[in-house]
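Below is one structure, written out as structure tokens, with a few remarks after it.
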Amino acid sequence: QPPRLHSFVHTCSPIEVRRLTSQLRFFRFLLSVEKAPRDELIAGVIRAAYTVRDGERSFLVHAGKELVRLIGDDYEMLSSILHRIQD
């Protein structure tokens, strides 16, 4: 059970996940999070969306390109995210 503070949080439906992950604009927001393991968070989101999208390879390619665009200068983080996606 989530703490009462987070009782309003719920799991997105597959349709909501597809809509949310169609543009990947939220990556910029996730990258701005400072008090969480961003690489694990982003990788987890990508893995979950990939599952909901029935293994749609084009989604992974699109997500990878967006990550390179946003954090291509931070090889350590990019590499960490890509390795965690595979896990």
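Checking Ile46, Ile71 one by one, the residue that is buried (at least 17 other Cβ atoms within 10 Å of the Cβ), in contact (Cβ under 8 Å) with a residue 24 or more places away in the chain and more than 12 Å from the chain's Cα centre (by Cα) is Ile71 and no other.
Here Leu24, Leu60 are screened, and the one residue that is in contact with a helix residue (DSSP H, G or I) (Cβ under 7 Å, 6 or more places away or on another chain), outside any loop (DSSP other than H, G, I, E, B) and among the hydrophobic types (A, V, I, L, M, F, W, C) is Leu60.
Any residue at all in segment 5-20 that is open to solvent by less than 70 Å² (accessible area, probe 1.4 Å) and assigned to a loop (DSSP other than H, G, I, E, B)? Yes, there is a match, as at least one residue in segment 5-20 is open to solvent by less than 70 Å² (accessible area, probe 1.4 Å) and assigned to a loop (DSSP other than H, G, I, E, B).
With respect to the conditions (1) open to solvent by less than 60 Å² (accessible area, probe 1.4 Å); (2) free of Cβ contacts under 8 Å to residues at least 12 places away in the same chain; (3) in contact with a helix residue (DSSP H, G or I) (Cβ under 8 Å, 6 or more places away or on another chain), Ser79 lacks only one, and its number is (3).
The values are calculated or read from the model by the stated rules, or taken from the named source; none is laboratory data. None of the values given here were measured: they were computed from a predicted structure. Every residue, glycine as well, gets a Cβ built from its backbone with ideal geometry; the counts of neighbours run over all protein chains shown. Side chains are part of the model used for accessible areas, which takes the heavy atoms of the whole protein and leaves out ligands, DNA and RNA. Shrake-Rupley method; radii C 1.70, N 1.55, O 1.52, S 1.80 Å.
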